[in-house]
1. With the structure loaded, tell me whether Glu361 is assigned to a loop (DSSP other than H, G, I, E, B) and of a type in the set (Asp, Glu) or whether it fails that test.
2. Can you name the residue in the range 63-115 that is touching a residue at least 40 places away in the same chain (Cβ under 8 Å) and small (Gly, Ala, Ser) and, of all such residues, is nearest to Ser49 (Cα to Cα)?
3. For the range 380-409, name all the residues that are outside any loop (DSSP other than H, G, I, E, B), more than 16 Å from ligand 3 (Cβ to nearest atom) and within 16 Å of Asn319 (Cα to Cα).
4. Tell me which residues, restricted to the range 363-401, are surrounded by 15 or more Cβ atoms within 10 Å (Cβ to Cβ), within 27 Å of the chain's Cα centre (by Cα) and either aromatic (Phe, Trp, Tyr) or more than 16 Å from ligand 2 (Cβ to nearest atom) (or both).
5. Could you tell me whether Thr279 is away from ligand 2 (no atom under 16 Å from the Cβ) and open to solvent by 10 Å² or more (accessible area, probe 1.4 Å)?
6. From the list Ile178, Ile208, exactly one residue is within 16 Å of ligand 2 (Cβ to nearest atom) and of a type in the set (Val, Ile, Thr). Which is it?
7. Got at least one residue in the range 96-107 being part of a loop (DSSP other than H, G, I, E, B), open to solvent by less than 10 Å² (accessible area, probe 1.4 Å) and within 14 Å of ligand 3 (Cβ to nearest atom)?
8. With respect to Gln222, determine if the residue is polar (S, T, N, Q), under 30 Å from Ile462 (Cα atoms) and outside any loop (DSSP other than H, G, I, E, B).
Amino acid sequence: MNEIIDLDNIDLTKEPPLMEPDRQWYYIAKCRELVKAKSEELGRPLYASIITFGCQMNSRDSEKISGILKQIGYVETDTEDADFILYNTCTVRENANNRVYGRLGAQGRLKKDHPGMIIALCGCMMQEATAVEKIKTSYRFVDIIFGTHNIFKLAELLQTRFDSKRMVIDLWKNTDMIVENLPNDRQYSFKAGVNIMFGCNNFCSYCIVPYVRGRERSRNPQDILDEIKGLAKDGVVEIMLLGQNVNSYGKNLETPMSFAKLLSEIEKIDGIERVRFMTSHPKDLSDELIEVMKQSKKVCKHLHLPIQSGSSRLLQIMNRRYTKESYLELVEKIRAAVPDISLTTDIIVGFPGETEEDFLETMEVVRKVGYDSAFTFVYSKRTGTPAATMEGQVEETVAMERFDRLLKEVKANSVAAGKDEHTTQKILVEEVNEQNPGLLTGRLSNNLLVHFKGSESLIGTIVDVFLDESKGFYYMGSLI
Ligand code: SAH
Ligand code: SF4
Ligand code: F3S
């Protein structure tokens, strides 16, 4: 749990401490002085805006960044003419990178009319030397660049920028450090993401993540449990445990602990009603975990189990370390233990060498499993990964055509969608419906959405709704 640090008690006449997190609290206090002075000079608060690309790891990192900025005294905004702008980048596919360059160009033009503006870049794309080179030469107006391993250092880097007036670049290749007890600013009051591990050791042949997020590191179970207890005290009812491969949690701890055991410990925490996790690698999904999911009252009836391809031949070249057959057996085992579970997946089409036969095997798996939804991607070449130099790169038109067929197949085969029509179910009420402000939106344990009429005061609570009508991937319901 976060200790409360009194910034006024930090003696800034002394040298900065060497140990973390004390060193960062010192820099937070120091930056705060400057921001306060600047804000008094301008007669208004200083604003900060964070633009986040990519996955839930990045969203979680942005919450930590936002926590640091708020402590420093910035007021968060979502406009791009703020005093401090940060892009938290993703590089998993080429289009993620292109979006950043596009936004950055516009940001540079804005900065011309706003000379005091500080522009910072962090996240996965910054761990790639080619991207950083391009920014150093073509986007000279960027002030701060850091990566995925040192986000905790933001205040120190900002202070360096205030002092030096030059582009500050701090990039680490890897780290074994996990800094606890820094500020944090959660996006929702009632649900929260909790990192349980960082990095990835799997090196799937198409994937850049292990190169930009470093080797796998698990957080200490006690730190995780303390954080969740603190969240429960704060009124959080649902948590999402985050890691690139949660099923291998704890293998490298001094006292190893399985993911299933961690889940059982979390289950005991009062106040937490729902537990989700992301992502599960099929090769490491244990019988012990299936048993915990079966027994648990809190673990949600939803499993995201990326298959990537239905062709065992391609799976081997992808370095996924399971086959179509072993995957389907696993699905059967899970369904036998937890019959009402909802399964979702990630699929790549157009991996180098993918033939029509390989693709048809993916379509077959989609029919057999009946996913409730699938994130489908056209393969994107990532420089530095083994797949980038493989022969048989698939033409874009062929990949796009397969992509469309796949989407249709996923839609036609969903199992859970509609299954609970005309039953009463529990949902966590999350927000006012974006399209229709007269409705609220909540989420079932199996992750499907329900729209219903109700008072905004229900947001953040778990309520019973009757599911009047299935609309395929969501329901219309009424409050009981
Ligand atoms: N750790 C998770 C996935 C993280 S990346 C897991 O192993 O399941 C999220 C998804 O992006 C992957 O599951 C994969 O489907 C997709 N992806 C990763 N690299 C890709 C690439 N080079 N081209 C297209 N899709 C990719
Ligand atoms: Fe990428 Fe594979 Fe690691 Fe997932 S498990 S992050 S797909 S290398
Ligand atoms: Fe996530 Fe993108 Fe990085 S998917 S781990 S933000 S490369």
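1. no
2. Ser66
3. Matches in the range 380-409: Pro386, Thr389.
4. Once the filter is applied, which keeps residues that are surrounded by 15 or more Cβ atoms within 10 Å (Cβ to Cβ), within 27 Å of the chain's Cα centre (by Cα) and either aromatic (Phe, Trp, Tyr) or more than 16 Å from ligand 2 (Cβ to nearest atom) (or both), the range 363-401 yields Val365, Val366, Val369, Gly370, Tyr371, Asp372, Ser373, Phe377, Tyr379, Ala399.
5. no
6. Ile208
7. For the range 96-107, residues part of a loop (DSSP other than H, G, I, E, B), open to solvent by less than 10 Å² (accessible area, probe 1.4 Å) and within 14 Å of ligand 3 (Cβ to nearest atom): absent.
8. yes
The values are calculated or read from the model by the stated rules, or taken from the named source; none is laboratory data. Worth saying up front: this structure is predicted, and the values here are computed from it rather than measured. Positions of Cβ are generated from backbone atoms using ideal geometry, with glycine treated the same way; all protein chains shown enter the neighbour counts. Just so you know, the surface numbers come from the protein's heavy atoms only, side chains and all, with ligands and any DNA or RNA stripped out. Shrake-Rupley method; radii C 1.70, N 1.55, O 1.52, S 1.80 Å.
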